[in-house]
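Structure first, then comments.
Every number here is computed from the coordinates shown, using simple stated rules; none is lab data. Worth saying up front: this structure is predicted, and the values here are computed from it rather than measured. Heads up, the Cβs are rebuilt from the backbone with ideal geometry, glycines too, and the neighbour counts pull from every protein chain shown.
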Amino acid sequence: MTELNRTVLYDRHVALGATMVDFGGWEMPMEYQTGMIGEHLATRKDAGLFDVSHMGRFVFGGPGCVKFLQHVLTNNAEALEPGESQYTLIADQEGGAIDDAYLYRFEEDEYLLVVNASNRVIDWDHLESRKEKFSGVTMADKTKEIAMLSLQGPKSKAILAGIVGETALPEPMRNYLSVAEFNGTRLPVGRTGYTGEPLCFELFVQRDQAVALWDALMEKGAQPVGLGARDTLRLEAALPLYGHELGHDKYGKKIPVFASTLAKFAVSFSPLKGEFIGKGPLLKQFAAFKKIVDRKPGFSSDLPRLVVPVLVTGRGIARAGCDVFKKDRNIGYVTSGTMVPYWKFEGEGVKSRITEEKGRRAICLALLDGDIREGDEVELDIRGKRVSAVVVPYHLRSEAPPYARPILEYRPSASASADHEKDEMAAKARNLIADAIANHKWRQRECINLIPSEQTLSALCKALSIMDPMHRYAEHKQVKAFEEAEVFYYQGTDFIARVEELLAEEFRKYLECSLVEVRPVSGQMANAAFFSAMVDFINRADRKSEQRKLRHVINNHIIKGGHLSAQPLGALRDYVMRDPRTEKPAVVNFPVLADNPFKIDVMASRDIIERYKPELIILGKSMTIHKEPVAEMRAILEAVSPDTILMYDMAHVMGLVGPYFQRPFQEGAHVVTGSTHKTYFGTQRGVVAANYEEKTLGYELWEAVQRRAFPGSVSNHHLGTLLGLLMAAYEMNAFKDEYQKAVIENAKAFAKALKDAGLDVAGDPDISYTQTHQVILNAGYAKGPQIARRLEKNNIVVNFQAGPLEEGFTASGFIRMGVSEMTRFGMGPEDFRELAQLIRDVVVDAKNVKEETVSLRSRFLEMTYCFSDAEFDSSLEDLFALLR
């Protein structure tokens, strides 16, 4: 009998009472004294620590390394920048999987490939046999030299940060890497794992440091987990296991790679790869996969079946090999199945909380015919008995960190039904009115609103917004045949035409520019119109070919405070190319300062701009406590990329334009977009502005903006709010000096008061923590939603946000607050200092200060920085008389 391999942690496992088994030629812990169920639950609620040193670790280098990896792996190795990793496969010539693997690029000139323990020798021999065709490739098996630990679960980040420091961790996105330090030695860290946990880390440690690292992680609270729970965790996450969902089926036939839906992430057909092993069969599988996804009929021998999650609804536990039936038709078999434990959650949405209550459910993965769909009811043959089950989209969801959440039942889309009984509708209408009145009183008279993206309109703005134009259309465009005259497509529009021109005039004065487009109905729509205009502009010479999208865009990442609309998941999505190298949207993010992640690193940005020569740079943030470096960026562009358009999305700071904050066009912005209802205290709309002169190339871009505003983005552009915005523009231009000074003074006083009260205020103390209307409070990792709810119960309304080192919205640890609305209601520095103490009492001592909040708000009910009601009493009476 061959002697089993042992990892460097073998003695630790034995000392912890682990049950040791043979796994892939290694003596590994199946479970510890806690047991598989306890280990599974500990990972989902706290942090599980896995010894995965049995997995193979191959290191590749040399000048021919990338070409070799492109040939022998299915994913696009050239897409990886240093600090990135990817899931990949080692395919055979027939499109089957020899193994699945993970490729890491910790350093510029070295790649690490992690393979399954049981396939390590097979994988090595396969790769070694292909290496001789490529010159300049080095290949080393480091399995015995480098130990590998996996730390997974909601508390894993805090545990690891407590050892290496939070700033040493990778960026808070899956597949990102960093190199930390432990005991004076190099410690590569990857945000990867095999559990479905949103917080996941895999650590590559030198063998002589592995025991010390294991002990340090245990001391910080990690719980050891064996192979048993590792399997139930990956099954719950619907992750494939070689020998079950990959490799050969139970009949001995090769399972096509695309039978696993993860193949869509692991297989690349980028031109950069050229010919690679299995490409031809994989292309055929991919074509069949797309037909299945598109629900097109027809059997394909290239991909007859897919691996899908199945929830057992009857009594029984599915095991690998169980046949699956739909009525009397055998449609496949179970590839992996068992009973898994889970934690129960209470509450809904972001308010849900994990409890101490546990449950168990029978789940499985099954290789089923390609015509089987989500929601199909099937039967499993369990020991000769038919047991009911249903095909589901997933067993677990991981997009709401820090927890992975079990999906316990299949919920098909419900068809809507409506009862149109007149008396019932009338009752609903009365309830709506009553609820609206109660909400209005609460928000306007009893709450202190600190959400920085909100404002209350003045009485005049409100009244004008619901006047007659709100029901009407006023589509129009310039027609060159009429010497650029505006042509309206409806009659009765003379008044609104005048309103629109007057509004543009006020914005030109306010923004200090020559061109303004006021028809977009939101800031997001303003951005979408401009992005669309950019695409129209760059394709102006070729109107017959498919329109080319933007080649590269540089922006602020959403986790670093960037606007949603400037992200590939927002308005930018349809207007930016996919980078052929990375196969991701061609968007590059600004680097930030190490000691202040809320501020762009201008010096490092120059190198990025010079490298990518972007067609568009987008400045502007939704978490904004600093001025954006407009002048600095324009100077860089003039030096290294003069054709790049510099856009400043001023959505949050539009109301601060001027000498107290920033004058974007004087500083060098080509284009400004923004919302008109945040610090700019108008109705909810958007604006695009520029400063191009006629008969210049830039003016052609502006003409594209006008085309993409109408008919490109809007038809009816909400004429009521247009009228209300004109009144707001008059008020802004009349009161901006006093208002802007007060907003910035209040924000600084508020931030300092919060800091003095012992709270953790983000930003630079040398500028009193902010240069804008916003103040950002660090409430602690993932505590943002909880703190925001606690403040709301005390009538202080704030906004929780994910910070620069957090994984997403539900892991938010920051509270974003703005002073602009309460400044308009008359609050000053002393009042904000009083408010800071109330916030401290709620956040630190969990006190109930609702009465104090209502009392404070009662002193500030009258709107300021607007035309007074007394000046316009008779006019308001006339307006409201018409509205009845």
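The table for this structure:
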| item | result |
| --- | --- |
| Positive-end extreme of charge dipole, the chain - chosen from 387, 794, 240 (charges on Cβ) | 387 |
| Per principal axis, descending, Cα span of segment 435-504 in whole Å | 57, 24, 17 |
| Evaluated at q = 0.14, 0.15, 0.32 Å⁻¹: base-10 log I(q)/I(0), Debye formula over Cα of segment 150-195 | -0.29, -0.34, -1.41 |
| Overall form of segment 775-872 per C-alpha gyration tensor (a/c, 1.5; a/b vs b/c) | prolate |
| Under 14 Å from the Cα of residue 67 - aspartates and glutamates, other chains or at least 8 residues apart | 78, 109, 110, 132, 275 |
| Whole-number D in µm² s⁻¹ for segment 193-279, Kirkwood Cα-pair radius fed into Stokes-Einstein, 25 °C, 0.890 mPa s | 150 |
| Karplus 3J(HN,Hα) series, Hz, for segment 38-51 with 6.51 cos²θ - 1.76 cosθ + 1.60 (x for Gly, Pro) | x, 5, 4, 5, 5, 5, 6, 10, 10, 7, x, 10, 10, 8 |
| Sparsely packed GluC sites (Glu not before Pro) within segment 63-128, loop by DSSP, other Cβ within 10 Å at most 15 | 94, 108 |
| Restricting segment 276-366 to trypsin sites (Lys or Arg not before Pro) in coil, as DSSP defines it, with at most 15 other Cβ within 10 Å | 295, 315, 319, 327 |
| Lysines whose Cα lies under 17 Å from that of residue 613, excluding same-chain neighbours fewer than 8 positions away | 549 |
| Convex hull volume of segment 676-750 per residue (C-alpha atoms, cubic angstrom) | 128 |
| Long-range HN-HN contacts of residue 552 with modeled amide H, under 5 Å | 615, 616 |
| Acute angle (nearest 10 degrees) that the helix 207-219 long axis makes with the longest principal axis of the chain, alpha-carbon atoms | 60 |
| Residue-by-residue Karplus 3J(HN,Hα) for segment 685-690, coefficients 6.51, -1.76, 1.60, Hz, glycine and proline x | 8, x, 8, 10, 9, 8 |
| Base-10 log of normalised Debye intensity for segment 767-822 (one unit scatterer per alpha-carbon) at q = 0.15, 0.20, 0.26, 0.27 Å⁻¹ | -0.42, -0.70, -1.01, -1.04 |
| Candidate lysines for bridging to residue 253, where Cα separation is under 27 Å - those fewer than 8 sequence places away on the same chain excluded | 264, 279, 284, 290, 291, 296, 326, 327, 385 |
| Over 19 Å [Cα-Cα, segment 39-90], rounded percent | 48 |
| Cα convex hull volume per residue for segment 724-764 (Å³) | 94 |
| Using alpha-carbon coordinates, inclination of helix 494-511 to the longest axis of the chain, degrees | 70 |
| Estimated inter-spin distance, residue 218 and residue 881, nm [label 7 Å along Cα→Cβ] | 8.6 |
| For residue 56, distant residues with modelled amide H under 5 Å away | 115, 116, 117 |
| Under Karplus coefficients 6.51, -1.76 and 1.60, residue-wise ³J(HN,Hα) of segment 276-289 in Hz, glycine/proline x | 10, 4, x, 4, x, x, 5, 4, 5, 4, 5, 4, 5, 4 |
| For segment 505-569, diffusion coefficient by Stokes-Einstein and Kirkwood Rh (Cα), 10 °C, 1.306 mPa s, µm²/s | 112 |
| Cα-only Debye scattering, segment 251-292: base-10 log of I(q)/I(0) at q = 0.14, 0.20, 0.26, 0.28 Å⁻¹ | -0.33, -0.64, -1.00, -1.10 |
| Amide H within-cut-off set for residue 451, under 5 Å, with H built and near neighbours excluded | 818 |
| Rule-of-thumb Rg ratio for the chain [Cα; 2.2 N^0.38 Å; N residues] | 1.05 |
| Descending semi-axes in Å of segment 141-255, equivalent ellipsoid built from Cα gyration tensor | 28, 16, 14 |
| Rounded if a/c under 1.5, otherwise prolate or oblate - segment 550-709, Cα gyration tensor axes | rounded |
| Angle between the chain longest axis and helix 602-612 axis [Cα atoms, degrees, rounded to 10] | 70 |
| Extension reserve of the residue 544-residue 578 stretch, reckoned as 0.36 nm per residue once the Cα distance is removed | 10.1 nm |
| The chain, helix-only ellipticity at 222 nm - DSSP H runs n ≥ 4, -39,500 (n - 2.57), divided by all residues, nearest 500 | -9500 deg cm²/dmol |
| Cα coordinate range in segment 705-856, projected on the principal axes (Å, largest first) | 54, 37, 34 |
| Shape of segment 755-795, Cα gyration tensor, a/c cut at 1.5 | prolate |
| DSSP-assigned coil residues among chymotrypsin sites (Phe, Trp or Tyr not before Pro) in segment 202-282, each with at most 15 further Cβ atoms within 10 Å | 251, 269 |
